1. Considering only the stretch 84-104, I want to know if a residue exists there that is over 22 Å from the mean Cα position of the chain (by Cα), over 12 Å from residue 33 (Cα atoms) and surrounded by fewer than 18 Cβ atoms within 10 Å (Cβ to Cβ).
2. Among the listed residues 171, 167, 163, identify the single one that is open to solvent by less than 10 Å² (accessible area, probe 1.4 Å), within 13 Å of the ligand (Cβ to nearest atom), at pLDDT 95 or above and in the same structural domain as residue 99 (by TED's automatic domain parsing).
3. Among (1) away from the ligand (no atom under 16 Å from the Cβ); (2) acidic (Asp, Glu); (3) more than 24 Å from residue 205 (Cα to Cα), where does residue 49 come up short?
4. Need the failing condition index for residue 134 against (1) within 12 Å of the ligand (Cβ to nearest atom); (2) open to solvent by less than 10 Å² (accessible area, probe 1.4 Å), just the number.
5. Find the strands (runs of 3 or more DSSP E) located wholly in the stretch 215-311 whose residues include 2 or more that are among the charged types (D, E, K, R), and list them.
6. Suppose the filter is in the same structural domain as residue 190 (by TED's automatic domain parsing) and surrounded by fewer than 24 Cβ atoms within 10 Å (Cβ to Cβ); does residue 215 pass it?
7. From the set of residues in the stretch 182-197 that are over 28 Å from residue 42 (Cβ atoms) and part of a loop (DSSP other than H, G, I, E, B), which is farthest from the ligand (Cβ to nearest atom)?
8. Can you pull out the residues in the stretch 137-159 that are in a strand (DSSP E or B) and either of a type outside the set (Ser, Thr, Tyr) or within 18 Å of residue 178 (Cβ to Cβ) (or both)?
Amino acid sequence: MDKLLIRGGRPLRGEIRISGAKNAALPELCAALLTDEPVTLQNIPRLQDVATMLKLIRNMGAKAEFSNDGTVVIDSKELHFPEAPYEMVKTMRASVLALGPLLARFGEATVSLPGGCAIGARPVDQHIKGLQKMGAEIVIEHGYMIARLPAGQKRLKGAHIRTDMITVTGTENFMMAAALAEGETILENPAQEPEITDLGDMLNAMGAKVEGHGTGRIRIVGVEKLRGATHKVVADRIECGTFLCAVAATGGDVVLKDGRADHLGAVIDLLRAAGAEVEPRKDGIRVSADKRLEAQSFRTTEYPGFPTDMQAQFMALNCIAEGDSKITETIFENRFMHVSELMRMGARIDVDGKVAVTHGAEKLSGAMVMATDLRASASLVIAGLVADGETLVDRIYHLDRGYEQMENKLRVLGADIERVK
Ligand code: EPU
């Protein structure tokens, strides 16, 4: 199993490019299943989760070519197996994004229930209820969601959908399903993340009629057929935010090319309050810090609030900043698994339910630590970059799921980091 060996203490300096967003690429690869014409997606990041999604759609019968320049061409004309088997879904929950498109185009879909996950229970009940409102018949059998249209019905029907909580992949499933449904669908409290906006833009390029994506109300008028299109995946705001924190924590000075400051408002506000300089530029973001930062309290919320996917990384920064911080995780019930690993490096953190309180330490000390999920891994890397001595991060397959070439990018910026077997 690969590990990352980091010798801490070097400020990051230089320039790197931010990759395409994992959480936009995954629904967009599924959206390509909505048409029998070829779809070209540019700026697809080379990640384990993307590889899993490509395997999933190829397993259904779609053709998908991934070129070296980050372009994927998907041809799902001959799709003969509208199913997402357990073996794949269990390794990547985002496989549930196949449900909406398959049901909308073929009138049937069989998708494994994802089961539990390191950061929380993460049920998909809202996806099921929403699609049922659009007329789907869904039964759970042998661990699978088996969805189909009522006998004699050719298309899903537009509906008004208000979910019990805001859900990102749920919103995406409804948008994709509604794009080919009969009539109008209104999503009353949709997620507003930039990945939702990007998916809506892609669907519109395919001939869909989606409006209001990125706001608190999305309206979709279904069309009978969607066509092929070319779409460029938006930059990854979480990768960008992770590097912002890493640079600020190490006291460096870096330009993150293609990074979108307009998608990171809550994170940037907090970094500035902590004492970092963040300068939005036409083609990216420059970030620097030249003194010890001040710890900042925050609570995670849906976009445009502070993202849960940045909580662990900002906590690592708070651990070596001056003063105390109170971090409240409101999206997932079990997303503090990095805490005990950070504490092995000398961080001082108290956890009580969904609240973690950090007490800034002057220094962290390198240690052997274990990654437990994707963003937890990133927080351990940040801690390793600022710690004294060597840090060995184990189980970095979590990191490989969602960060493209992280150690290479960090090495370009001057970090002493290597992958060891
Ligand atoms: N929820 C339900 N029932 C549902 C759907 C959601 O109870 O049917 C709950 C979840 O358990 C959670 C909350 O609602 O407590 C929000 O979950 P959401 O559905 O928004 O999460 P998701 O769509 O499964 C996406 C990202 C996650 C990110 C969350 C929150 C993708 C592929 N995944 O997950 O990304 O943390 O939104 O922003 O877009 C990551 O990249 O590391 C990651 C975990």
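The values are calculated or read from the model by the stated rules, or taken from the named source; none is laboratory data. A quick note: this is a predicted structure, and the numbers were derived from the prediction, not measured. No Cβ is skipped: glycine too gets one built from the backbone with ideal geometry, and neighbour counts run over all protein chains shown. The accessibility values were calculated without ligands, DNA or RNA, using every heavy atom of the protein model including side chains. Shrake-Rupley method; radii C 1.70, N 1.55, O 1.52, S 1.80 Å.
1. The answer is no, given that none of the residues of the stretch 84-104 is over 22 Å from the mean Cα position of the chain (by Cα), over 12 Å from residue 33 (Cα atoms) and surrounded by fewer than 18 Cβ atoms within 10 Å (Cβ to Cβ).
2. After ruling out the rest, the residue left standing is 171.
3. If we test residue 49 against (1) away from the ligand (no atom under 16 Å from the Cβ); (2) acidic (Asp, Glu); (3) more than 24 Å from residue 205 (Cα to Cα), just (1) comes out false.
4. Among (1) within 12 Å of the ligand (Cβ to nearest atom); (2) open to solvent by less than 10 Å² (accessible area, probe 1.4 Å), the lone unmet condition for residue 134 is (1).
5. Because the criterion is at least 2 residues that are among the charged types (D, E, K, R), the strands (runs of 3 or more DSSP E) in the stretch 215-311 that meet it are 253-257, 277-281.
6. yes
7. Of everything passing the filter in the stretch 182-197, 183 is farthest from the ligand (Cβ to nearest atom).
8. 137, 138, 139, 140, 141, 145, 146, 147, 148, 157
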